[in-house]
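Engineer: Can you read through this structure? Questions will come right after.
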Amino acid sequence: MAEYVGAVDQGTTSTRFMIFDHGGNEVARHQLEHEQILPQAGWVEHDPVEIWERTRSVIETGLGKAKLTAEDLCALGITNQRETTVVWNRRTGRPYYNAIVWQDTRTDRIASKLERDGHGDLIRERAGLPPATYFSGGKIQWILENVDGVREAAEAGDAIFGNTDSWLIWNLTGGTDGGVHVTEPTNASRTMLMDLETLQWDDELLALFDIPRQMLPEIRSSSEPGGYGTTRANGPLRGEVPLTGILGDQQAATVGQVCFAPGEAKNTYGTGNFMLLNTGTELVRSKSGLLTTVCYKFGDQDTVYALEGSIAVTGSAVQWLRDQLGIISGAAQSESLARQVDDNGGVYFVPAFSGLFAPYWRSDARGAIVGLSRFNTNAHLARATLESICYQSRDVAEAMEKDSGVTLEVLKVDGGVTANELCMQIQADVLGVEVSRPVVAETTALGAAYAAGLAVGFWNNTDELRENWNEARRWSPQWDEERRQAGYTQWKKAVERTLDWVDVE
Ligand SMILES: Nc1ncnc2c1ncn2[C@@H]1O[C@H](COP(=O)(O)OP(=O)(O)O)[C@@H](O)[C@H]1O
Ligand SMILES: O=P(O)(O)OC[C@H](O)CO
């Protein structure tokens, strides 16, 4: 009997392969970054061929590090950056264009026209999303309209779309030689093209973007007992392993954090931040700027939904301090620099590089550093950057409490930024709630492994998974209410200053 489950986590900045045992413990991992292609302001692309090559490499090396073979894996799960759009030719296997990444804002005119033409309410009602550059629908439309030959090929059934889950599964299952073209509801719910209730592509939504239905992958479940397909013996695993789980990365982290009960929430701190609250089988429509999304759909069980607060720029603001400003040499130094001061010295930084996502949804916003005086130093800017991560999280937490009626008592956290102890302390202070980080911080890959392992009976049910979760570290609020409120009031003023900056009409 195979004793392990494998998971590929295809993220915004890197691709990881991880192997877990039955206790949810990490057995091996390998990770490789890929290039961030920034052709002009607001555009962000990835090379899909590079992503597939990195995926092959991390699987081969990860398996080698663990001294395991395909026979040791009972199943393979995939989790991925959501929304990022790949269109490729099913006969040649070649992408027509680079992947257009979720952060890319080139479709701002498409999104604002949808609202202007009065289609916003239909999209909000049926897909659970506001018209925004973030989601895949506009990105597919942009490729159809701007890349030669794609529309004809799409109508002929040759040009097909996928998020990176579909792209990798198609390649892992044989590519041009019988690759399967599938996805599942957590990814599909981020396209603006799926009906949240039927979990099927919706013709009325497809018509708004003029997207031929035959481009789209088949929507299966997130944990598929029969499997979507098996890996090929000539592929990176050198053997046939059933592919049985797919989850968008933020939903995977929710599963990895075992938020299986309504009212349980997690916040993942990576390139951006994503707070998800499990709302059970009830579809809660947000009135406060959150997204309604599918949390997971395991086999033929009822669909579980979530409310999500998506924040575009958090960890990537720390990267900006390193790469564009050069005031730190590595992400971890943001902590030591910020610790040189006791507070932000009056400085607030709103990193609205891609406009503002939840709960504002303002593509006309751009970044601002406000409150500067001659007294301020790099240390204040580093501190303001960490605070911006925490204040943006408070914005979405407030919206979540309003929409759901749930009061957050403890926030489960994960992701790269949670290595920053100061940032997590500020988070507890800004929210006024306990913040808790688990022992296995790689909750995204773990969630994909859980989805895959549940499908093949490696784990019997979600109760068994709960037993694998253990707390590693907890931060308690230290600020008094007056300081908390004063800081948040200033933050809201700073956000106001970023709005209505670019003309998207
Ligand atoms: N010690 C740290 N302090 C602050 N930010 C950090 C730290 N370590 C990593 N990061 C940030 O975390 C992000 C990477 O986290 P990760 O969870 O790997 O992201 P993703 O899955 O989005 O690629 C980067 O944006 C990086 O700047
Ligand atoms: O790859 P991450 O961790 O930055 O997550 C990206 C999100 O899925 C975008 O919606």
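The values are calculated or read from the model by the stated rules, or taken from the named source; none is laboratory data. Note that the structure is predicted; figures quoted are calculated from it, not measured. So basically every Cβ, Gly included, is an ideal-geometry build from the backbone, and we count neighbours across all protein chains shown. The area values use the complete protein model at the heavy-atom level, side chains included, leaving out ligands, DNA and RNA. Shrake-Rupley method; radii C 1.70, N 1.55, O 1.52, S 1.80 Å.
Engineer: Kindly identify the range 350-421 as rounded, prolate or oblate by the Cα gyration tensor criterion: order the square roots of the eigenvalues as a ≥ b ≥ c, call it rounded if a/c is under 1.5, otherwise compare a/b with b/c, prolate if a/b is larger, else oblate.
Structural biologist: Taking the square roots of the gyration eigenvalues as a ≥ b ≥ c, the range 350-421 is oblate.
Engineer: While we're here: Quick one: 3J(HN,Hα) in Hz for the range 308-314, Karplus 6.51/-1.76/1.60 with θ = phi - 60°, rounded, Gly and Pro as x.
Structural biologist: Per-residue couplings from phi come out as 10, x, 9, 10, 6, 10, 9 Hz.
Engineer: Continuing with this model, one more query. Could you work out the relative contact order of the range 105-238, using alpha carbon pairs under 8 angstrom and six or more residues apart, expressed as a whole percent?
Structural biologist: With pairs under 8 Å counted, the relative contact order is 26 percent.
Engineer: How would you classify the range 207-282 from its alpha-carbon gyration tensor, with a ≥ b ≥ c the square roots of the eigenvalues: rounded for a/c under 1.5, else prolate if a/b is greater than b/c, otherwise oblate?
Structural biologist: oblate
Engineer: When only C-alpha pairs under 8 Å and at least 6 residues apart count, what is the relative contact order of the chain, in percent?
Structural biologist: Computed value for the chain: 16 percent relative contact order.
Engineer: Please compute the per residue accessible area over the range 222-320 with all protein chains in place, 1.4 Å probe, rounded to a whole number of Å².
Structural biologist: 27 Å²
Engineer: Could you pull out every residue, at least 5 positions away or on a different chain, whose amide H is within less than 5 Å of the one on residue 200? Hs are placed 1.01 Å off N in the peptide plane, and Pro or chain starts have none.
Structural biologist: For residue 200, the qualifying residues are 195.
Engineer: Pop out the ³J(HN,Hα) list for the range 218-229 in order, Karplus 6.51 cos²θ - 1.76 cosθ + 1.60 with θ = phi - 60°, rounded to Hz; leave Gly and Pro as x.
Structural biologist: Using θ = phi - 60°, the values come out as 6, 8, 9, 8, 7, 9, 10, x, x, x, 8, x Hz.
Engineer: Still on this structure, I have one more. Amide H neighbours of residue 353 under 5 Å, counting only residues 5+ apart in sequence or on other chains, H built in-plane at 1.01 Å?
Structural biologist: Hits under the 5 Å cutoff: 367.
Engineer: Per residue, what volume in Å³ does the Cα convex hull of the range 139-266 take up?
Structural biologist: So the per-residue Cα hull volume is 136 Å³.
Engineer: While we're looking at this one, here's another question. Of all accessible surface on the range 66-134 at a 1.4 Å probe, what whole percent is carbon and sulfur?
Structural biologist: Carbon-and-sulfur percentage of accessible area, whole number: 45.
Engineer: If you count, for each residue, the other Cβ atoms within 10 Å and average over each peptide, how do 358-364, 163-169 line up from highest to lowest?
Structural biologist: 163-169, 358-364
Engineer: I've got another one for you. Would you pull out the residues with amide H under 5 Å of residue 220's amide H, same chain only if 5 or more places away, H placed 1.01 Å from N?
Structural biologist: 183, 184
Engineer: Compare the peptides 176-183, 234-241, 309-316 by average per-residue count of other Cβ atoms within 10 angstrom and give them in order, highest first.
Structural biologist: 309-316, 234-241, 176-183
Engineer: How much space per residue, in cubic angstrom, does the convex hull of the C-alpha atoms of the range 434-495 take up?
Structural biologist: Per residue, the Cα convex hull of the range 434-495 comes to 131 Å³.
Engineer: Could you work out the relative contact order of the range 327-455? I mean the mean sequence separation of Cα pairs under 8 Å and 6+ apart, divided by the number of residues, in percent.
Structural biologist: It comes to 23 percent, rounded to a whole number.
Engineer: Hey, another quick one. Antiparallel versus total DSSP beta bridges in the chain: what percent is that, nearest 5?
Structural biologist: Taking every DSSP beta bridge within the chain, about 70 percent pair in antiparallel fashion.
Engineer: For the range 28-86, what is the convex hull (Cα atoms) projected area averaged across all directions, in square nanometres?
Structural biologist: Projected area, direction-averaged: 4.9 nm².
Engineer: With charges set only on the Cβ (+1 for Lys and Arg, -1 for Asp and Glu), what does the dipole of the chain come to about its Cα centre, in debye to the nearest 20?
Structural biologist: That gives the chain a dipole magnitude of about 940 debye.
Engineer: Mind checking the log10 I(q)/I(0) for the range 1-111 at q = 0.17, 0.24 Å⁻¹? Debye, one equal scatterer per Cα, no solvent, two decimals.
Structural biologist: Those come out to -0.84, -1.25, one per q.
Engineer: Could you state the principal axis extents of the C-alpha atoms in the range 51-199, from the largest down, to the nearest angstrom?
Structural biologist: Sorted from largest, the Cα extents of the range 51-199 read 57, 32, 27 Å.
Engineer: So, one more: Using the Karplus equation 6.51 cos²θ - 1.76 cosθ + 1.60 (θ = phi - 60°), what ³J(HN,Hα) coupling, rounded to whole Hz, does each residue of the range 345-353 give in order, writing x for Gly and Pro?
Structural biologist: Listing the rounded values in order: x, x, 8, 10, 10, 10, x, 7, 5 Hz.
Engineer: Please say if the range 235-324 is rounded, prolate or oblate, where rounded means a/c under 1.5 for a ≥ b ≥ c the square roots of the C-alpha gyration tensor eigenvalues, and otherwise the choice is prolate for a/b larger than b/c and oblate otherwise?
Structural biologist: oblate
Engineer: What is the distance in Å between the Cα centres of the range 40-68 and the range 235-309?
Structural biologist: 23 Å
Engineer: Let me ask something else about it. Mind jotting down a quarter of the surface of the convex hull over the alpha carbons of the chain, in square nanometres, one decimal?
Structural biologist: 21.5 nm²
Engineer: Ranking request for peptides 111-121, 276-286: highest mean number of other beta-carbon atoms within 10 Å first, then the rest in descending order.
Structural biologist: Final packing ranking: 276-286, 111-121.
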